[in-house]
Structure formats: C-alpha cells, structure tokens
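Let me begin by presenting the structure, written as structure tokens, before commenting on it.
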Amino acid sequence: MNEDIDGLSFEEICIHWGEDPERYMGSVVPPIFQNSLFTAPSVEARSRKAGRYIYTRESNPTTDILNAKIAALEGAEEARCFASGMAAISAAVMSQLRSGDHVVCVKNVYYPARVLLQDYLNRFGVEVSFVRGTSVEDFEQALRPNTRLFYLESPTSINLWLQPLEEVCAFARAHGITTIIDNTWATPVFQRPIQMGVDIVVHSASKYLGGHSDVIAGVVCTSRQHIEAIHREMTLIGGILDPFAAWLILRGLRTLPARLRQHQQSALRVAQWLSEHPAVHRVLYPGLPSHPQYELACRQMSGFSGLFSFTLKHNSREAAVGVVDALKTFHIGVSWGGYESLALPMLIEDYDGEQRWGLRVHIGLEQPESLIADLEQALRHAEDKGH
Ligand SMILES: *Cc1c(COP(=O)(O)O)cnc(C)c1O
C-alpha cells in the first residue's frame, strides 16, 4: 500500500496522502460515500478483483482513504478502521487467540481492555496474567508454554508508565508471541511502534486522531501477514466505521501534527508549573526529566502529548474532588485528545507502587497561562477548605 511514502512528512500524509481529487470532480475534500452497496454494469464486472467496491461492511472509498493515511502515519503495510477503539482492540485481540491460550497484559491498561481480557475472553477459555510491564523481566516471569499474546499500552493513560518496547518485542518474537500495543496516547506522530518490532498497533481514534470530541472510532494497523485475520474480524463481527465518521476523522487528521505540537508545548508548561506547586506530591508526565522512565521515553518517543496525572500532598478523595470541582476552565469529564481541557479525580498508582489520590488532566488548546491560573485558584480554593 505504502511503497512510495519514504520521506513524506506527517503533515503531507495527513493533508494529501491517499487522495486523488481528480477522481471526485476536483473536490478538494473527499466525498462521503454514504451508501451501503455498490452496483456494477454487468455480473462479470462485479468483482473485488476488478477493483470494484461491493458492500460497505467490506470496504468503502471514504474509509479506504483513512485506512491509507493511518497506515502511512504508523509505517504499517495495512490499516482497518472500526466503529470504536474498543471494536479495534477486540478485533485485534480476538484475531490472535483461541481457547486455551494465555495472554500477558500490562496491569494499568485502559480498563475496558482489561475487562475484555480478564472477564469476557475467560468465558472462551483464554487466560490472562497482569504485569507491571516496566521491564522485560516482568513479561519473562509471566511466560507460560501457552502464552500467545503480549498486550501493551505505552504509556498507560492514568499513571503514565512505559514498557521498553524494543526489548519486549524482541523477547516476544524469540518466543513466537504476537505483540499488540495501544498507541492512543502518543499517536504515530510521537511514537511508531512497528519500527520497534510491535506486530499490531491499535488506536482509539476518538482521542487525538479525531481531535474534536465529536466522533467515536478506532483503528488497527499491521502487516500484510496479519491483516487478513483482522479484516475477517471486521467483516464477521461487523464493527465497521461508518463512512461519515471516517470522513470526520479525515478532517481531524488534517491538523493532527499542528495540534499535537501545541498540546505538547502547553502540557510541558503546565506539568512543569505543577511540579513546583506546594500542594502537589508528584507529576506523572513522561516529558518531565523527573519521570522515572524519562530516558526510555526520549528513546522510544519523539514527543509527548497532553494527557497526564498528578498526585496531591493531601492524599484523600475529598481533596482531589475539591480541586476538580473548583476548576472553571477545565471541564469535568472522561475521554481526552480533543481541543478542550479536562480533569477527573483519580486514585493513581505511582511508580513506587503507592496508591495516591490526584487528578488526571488533559491539556487542551486553550492558552496554557489560563489553565495555570485555573489550576492555581482551584488548588488554593481546595486548600482554604482544609484539604
Ligand atoms: C478511549 C480509549 C480506548 C477506547 O476507545 P473508544 O473509542 O472509546 O472505544 C482505548 N484505549 C485508550 C488508551 C483510550 O483512552
């Protein structure tokens, strides 16, 4: 799919790659093929081999442009889009497993992914072990003769721990184990796991790829070797992305590199400010040199996005809730990766294993100085109330 993309920048891929306006009457924006089926001039011509589309559950021209762009961004041979990040994760995981298999999974992964592995797939005879995942030894120790899959997420989205991807993938390959990574936090702009040996990359495109908090979508990126199994999951389970949602993600992607540069710059500024605040116990952000895996982070990522956590000196749920409720510019809500800043109180497992109350924040595209002013008044307000 992507033979001639070497040397193309992320910007060029997001803006031009996979598009051919001449096919669509010069339309600068690709049309939304909002149709379920495609007709043919003859029975003979009605074939996928003849390059025709047949049915949108199988493939659709709008969605194919998105597949091509995301595959190019990830340096993957192929990509398929799904109706949500969870549909993408489920398809990727289920494409690799059968009854009796064992999975090693990072313990602080996105919670529904954990439930899928631990409770749902358990019904079909799949076993799972959860590990810290901050060193290759964690995976080695959990290994069983029937281990088939390592499920990774680096960094994790609540406590921001990393896995050493090159080492873990080299170990997995030597043992015939497939690796899947959730790359939602970094996006391909800041981390390209396939280059480090990961077999399958999954995303919630509802976060930065879409970027505007107006669409739910997911994507799986992988090699030609694995794509057949992924495509089969997509058409049999049927969790395809709607063409209109694909079009919204295409629109979001146009500004992905520009947005991420700003998220990074603002998040670094706010994280630095928080790390010097007397009410803050610790800031968990891989872009700060104080992060215990800062060196690894700089080695395997080329930048840092806008989501991070910090813990409070006043270690209580009431204190964390008090700060969040006092925020004005930050909104209170789950999800992240959009234009807006968000906060939630959370119990966070720190790198040393301590559970501590704090906030998870997403630094959006507002002025970082307004966000700092908001955090300052909220931390002061909560302190005045005795937390
Ligand atoms: C949101 C999220 C998902 C799930 O994506 P949906 O599009 O909501 O299904 C998966 N992984 C991470 C890290 C997420 O933040």
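A few comments on the model shown:
- Contacts under 9 angstrom Cβ, first residue in region 275-287 being assigned to a helix (DSSP H, G or I), partner surrounded by fewer than 17 Cβ atoms within 10 Å (Cβ to Cβ), 6 or more apart: SER275/SER290
- Which numbered condition ALA267 misses (of (1) within 23 Å of GLN96 (Cβ to Cβ); (2) crowded, with 19+ Cβ neighbours inside 10 Å): (1)
Rundown of residues vs (1) closer than 22 Å to CYS14 by Cβ; (2) in contact with a Cys (Cβ under 8 Å, 6 or more places away or on another chain), yes/no style:
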| site | (1), (2) |
| --- | --- |
| PHE171 | no, no |
| THR179 | no, yes |
| ASN183 | yes, no |
| THR187 | yes, no |
| LYS207 | yes, no |
| ALA229 | no, no |
| GLU233 | no, no |
| ILE249 | yes, yes |
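- Candidate set from region 62-87 (those that are more than 14 Å from the chain's Cα centre (by Cα) and under 21 Å from TYR110 (Cβ atoms)); member that is nearest to the ligand (Cβ to nearest atom): ALA83
- Restricting the first member to region 46-57 and to residues that are assigned by TED's automatic domain parsing to the domain that holds GLN34, and the second to residues that are part of a loop (DSSP other than H, G, I, E, B) and small (Gly, Ala, Ser), the beta-carbon pairs closer than 7 Å and six or more apart or on different chains are ARG46/ALA40; ARG52/ALA40; ARG52/ALA45; TYR53/SER59; TYR55/SER36; THR56/SER36; ARG57/GLY238.
- For TYR339, the stated conditions do not hold, so it cannot be described as more than 21 Å from LEU209 (Cβ to Cβ) and of a type in the set (Phe, Trp, Tyr).
- Counting only strands (runs of 3 or more DSSP E) that sit wholly inside region 172-253, those with at least 1 residues that are of a type outside the set (Asp, Glu) and away from the ligand (no atom under 16 Å from the Cβ) are 178-182, 218-222.
- For region 95-121, filtered to residues that are part of a helix (DSSP H, G or I), among the aliphatic types (A, V, I, L, M) and within 16 Å of the ligand (Cβ to nearest atom), the residue that is surrounded by the most Cβ atoms within 10 Å (Cβ to Cβ) is LEU117.
- LEU236 vs. criteria at pLDDT 95 or above, more than 14 Å from ILE89 (Cα to Cα) and crowded, with 24+ Cβ neighbours inside 10 Å: no
- Residues located in region 310-332, provided they are buried (at least 22 other Cβ atoms within 10 Å of the Cβ) and under 21 Å from the mean Cα position of the chain (by Cα): PHE310
- Filter result for SER213 (crowded, with 24+ Cβ neighbours inside 10 Å, of a type outside the set (A, V, I, L, M) and either under 17 Å from the mean Cα position of the chain (by Cα) or within 27 Å of LEU344 (Cβ to Cβ) (or both)): no
- One residue stands out among those in region 3-34 that are under 14 Å from GLU74 (Cα atoms) and aliphatic (A, V, I, L, M): the one that is modelled with the lowest pLDDT, which is ILE5.
The values are calculated or read from the model by the stated rules, or taken from the named source; none is laboratory data. All figures in this text were calculated on a predicted structure; none of them were measured in a lab. Cβ atoms come from the backbone with ideal geometry, glycine included; neighbour counts cover every protein chain shown.
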